[in-house]
Structure formats: structure tokens, C-alpha cells
1. Based on the Cα gyration tensor of chain B, what are the three equivalent ellipsoid semi-axes, each the root of five times an eigenvalue, rounded to whole Å and given largest first?
2. So for the pair A:T54, A:A283, with labels modelled 7 Å out along Cα→Cβ, what separation do we get in nm?
3. Over segment A:152-267, how many percent of alpha carbon pairs lie in each 10 Å bin up to the one with the longest distance?
4. Sort all Cα-Cα distances of segment A:69-183 into consecutive 10 angstrom bins from zero, then give the percent of pairs in each bin up to the one containing the longest distance.
5. Which of A:P159, A:P35, A:P215 moves most in a GNM of chain A, Cα contacts under 10 Å?
6. When you look at the Cβ of every residue in B:14-22, what mean number of other chain Cβ atoms sits within 10 Å?
7. Between Rg and the Kirkwood Rh of segment B:63-125, both from Cα atoms, what is the Rg to Rh ratio?
8. Counting other beta carbons within 10 Å of each Cβ, put A:K9, B:K128 in order, fewest first.
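Bear in mind that the values in this text are calculations on the coordinates, not laboratory data. Just so we're clear, the structure is a prediction, and the values are computed from it rather than from any experiment. Cβ: placed from backbone, ideal geometry, glycine included. Neighbour counts: every protein chain shown.
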Amino acid sequence: MIQLESVSKRYGSKTIIHDISFTVAKGEIVGFLGPNGAGKTTTMRVIAGATTPTSGRVTVAGFDMATQNEQAARRLGYLPENPPLYDVLDVTTYLRFVAKVKGVPGSAMRAELDRVVYACRLEAVVTREIYKLSKGYRQRVGLAQALLGNPDVLLLDEPTAGLDPGQIQETREVIRAFGEHGAVLLSTHILPEVTLICKRVAIINGGRLLAIDSPVGLQQASERTNSVILEAGAEAEPLRQELLAVQGVTGVSVTALPGDLVRAECQVEAGSGVEARIARVIATRWSLHRLERQQPTLENVFLRYVTQSTRADRREAA
Amino acid sequence: MNGTLAIYRKELIQYFRSPIAYFVLAVFLLGTGYFFLYNIFSTGIGTMDETFRNMGILLITLTPLITMRLFCGEYTGRTMELLMTLPLRPWEIVLGKYLGAVTIFLLMTAATGINLVPLYLFGNPETKTILSGYIGFVLMGMACLAVGQFFSSLTHNQIVAALITIPVLLGFWFIGHLQAYQNTPAMRELFGYLSFSLHFSDFIRGLLRSEAAAFYLVVVAIALTLNTSYLQWRR
């Protein structure tokens, strides 16, 4: 539904996004992660047709954005970072304007407006002027606008920013429901959101796409944070030697705890049954107080990718 | 065309929900009424000639108030992002906005018709001349609005847009006065041809010249084309 082929965007000599390629399929919600200034918004704007890429090709719902912009625009709902609202209009007038431009026929207008108003819980404010609305409502009017005309593709730039926890929950439900039949690209700062509703995650930094995979896949691929933590009643050095001898353990760091305990953090290879082997080894000589596998959180994965790429950029610059 | 119509309606709603439309209308009517009375009483002749000329200058100073928000408002309200990603072609946006501005201007112009009531009650004006004056006024206004709309698309700042529009329009208005200082006939002709006021004078005198009408329409076409190309380029 969304397809990017080596898309780059430069302003003068400044490269905002560099050679980005990925696809979002029908029935898929892809999370778009990256620190501020990573190029998320520019990528979204390029896909939406708000700006044209310097090179590369974007297709939306099978239509080339460069040559069939209008057909693509009819199948696309876009919520920019700042909801694009006309403050002096009331909510209904605003939504009717967008629906008209999107080609919703007059006979279907009432039903279509009711549909998005219900989906985004806007019933209470439909007659109110937009400048009077709270930030949460403004955000949701923006989302309602994107949903109008039954698009195939939704581009959402931080759709839950400025919402309270209840509203975030409701908005996620709207996105999840849409994602069952449409394609969604969702940029966000909130990592749990990604694990909750996204099938795949794209991580971007410095204008480059660093990784794209399912949240679980990304976690498994991240060895550094794959570790086993244990506490045992033992002396530090013999324990370290013993652990290093265990098959699957690649590194150990030991710290002494109060009360004759030591805490060891073992770097282990992903996916092996290494915890059981460690437990056996320790149980023969010492008392084992705690043993736990540390699953890498998406947060760690994200930080690892981003800090690595930032370091690489600095090296390049130097 | 559907898009043009939707933009047009949105523009009208926005005009009438902001105080500017009422302010412009009020100032324009007060000014026109004042000039009308002043001209009648100072000359004692029941014509609109001088009043039309004054209305022309008044229009030039008020045009930016109508046009400055057309695109600047979309930029600062971040709604340009919406317009550029909706299934709209740039010319549909330009035309919808322009027609909205022209509609406001036509309403303003129609309201000045109130001055004609005493003119017809107590005088014996030439209907043909007045009609031709109004046609000229509307054509010139359309040209001013197109120029103002183009400048509004160039900047995010409404004040800047207004501050560019006024001198440019005044230049077009007064350029005819520079005719006398030109040495070559070609330059005299050029300055005369570019003058908003000289073409308007023909209409005021009751001369419906197609070249004069064509001149204003060409200005409209050039300004709106530039406006459209600029939006395309900006993307």
C-alpha cells in the first residue's frame, strides 16, 4: 500500500532523509521510531505528497506520487504533526470541507461525518468553533479529518501527542481498527504504543533507516541487552571463572553485594537454553538466590540503534 | 472543479467569521460615501467621475486587507499541509481562493450603489457612463486582488504581504503620471499601457474599450498563473 524506493530529500546541501526504502502492506500497522530531527516528519510529508523527494519513488495504493498524485491523494489520510485546522470554522463545517474535497458525495455526507465523529468521540463538540477546543480535541479532529473518505492508507505523525491516557487508549483503538483492513504508518515517541499496536517497527536516525522488523524480531536481534542476571552466595573470582566456562556465555561481570552475596551479569547468546546450564553449574558448588533472563526492552533496542548510528555519524564527520 | 467550489465556500465562511470583512466593508462604504458627497457638493455636478477615481485609490489601499490572509493564513495555520495533500490541484486552490476574494469585492461594490439613490432622485446622471465606470472598477479590482493574492503566497507574514502589495498596486496606479517624463514614444506608450488609472479613466468617461478590459484580465491571468506555478514549485 505504501512503497518507498530509495527516497532521498535534500534542501540545498542538507540531506534530511537518505536513501530510504520500505513498504507497508495492507492490514499492517508500522511504527516509525526515531529521535527528534531524525527525518520522520519529512518522510511522512514525502509520502503524503506535501513535498516531493529529491530522488527515489513513492507509491501509495499503487499510484506513483510523482505522476498520479491526485488518485493517490484520494486514498490517503494524513494527520501532520500539527493538526491542520481552520480555527474560525466549527468542527462540522471543517469536516464537511475536507470530505467534499475528498470527493464524498452529498448523499453520503451525513453518514460519513457521523462515522468519523463517532470513531473519534467528537459528538460533544461538533458545533463548536475549533479555536475553542482543547489540545486533545484538536488532535482528534485532525484524526477524524484523516479518516474521512475511507482511505486505504493512513499516515499519522504522533497522533497521541497531547492526549490524556483515556484518549490515548481510544485513539489506539481507532488506529487498530483501521489497521485491520488498511495500511498505517504511525510515528511516535511512545515505545509501548509500538509494541501494543504495530506489526513492524522502522527505526530511523540522521535521515537513514536503521532497521525494520517486528518488535520481537528487533529484540532478538539485539544481543547486547540479551543477558542473564544472577545472585549467588559465592566468592567473586571463582564464580566468574566457572560461569565463563559455561557453553553459551560470552562475557561476565561480577559485583559483590552486602552479606556474602555476589551479583553476576552474563552476556549470553540469544535463544540458547543457557539459563539451565548456569543454574546447574552454580547449584553444585554454591547457593543460588536469583536467576533471571533479561529480555531487551524495545527502548534498549531503540537506544542502541540510535546511539550507534549517532556515533558512526560523528566518526564520519571527524 | 469540485475542489474549487469547496475551497470557494470555505473562503467565504472564513471571511464572514473574521472581523476583517466587516471592517473593510465599513471603511470602503464610509470612504466612498464621503468622497461622493464631497465631490457632489464641491463641484455641484451630479456625476460619479471623480468619485470613481477616489474609489480606485481606496480600493488599492484596502485590497491587501482582503488578500493578505489568503495564503499567509494557510501557512501560519499549518493548513497548507492539508491543502497540498488533499486531492486538489494547485490551480483549484488558487482559483477557489480568488473567486472567494472577488465575491467579497463584488459585495463591497454593490453596496456602494446606495450613493446612486440620491444621484437619481435629485440629479440626472448618465446611466451608461455610470455602468461603464462600474465595469471598469470591477475589472480593476479583479486585477488588484489577483496581484495581492500572488504576493500573499510568497510570504508567511501577512503584514509583509500587505506591505509588498500596496506599493506595487500604487505603482501600477501612478505609473501613468510618469508618461510625460519619457523621451521616446515607445516608453510613453508602455507607461500608459501599464497604468491602472489610465485604463480606468476610459471606463469612467464611458468608453468601453476592449483593450482596457483585456489589460486587466491579462494582469489577472498572469498573477494567478504565477501564483499556481509558485505553489507547484514550493512543493
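1. 32, 22, 15
2. 6.1 nm
3. Result returned by the calculation: 11, 29, 19, 17, 18, 6, 0.
4. 15, 50, 32, 3
5. Comparing A:P159, A:P35, A:P215 in the GNM, the peak value goes to A:P35.
6. Neighbouring Cβ atoms belonging to other protein chains average 2 per residue here.
7. Looking at segment B:63-125, the ratio lands at 1.27.
8. B:K128, A:K9
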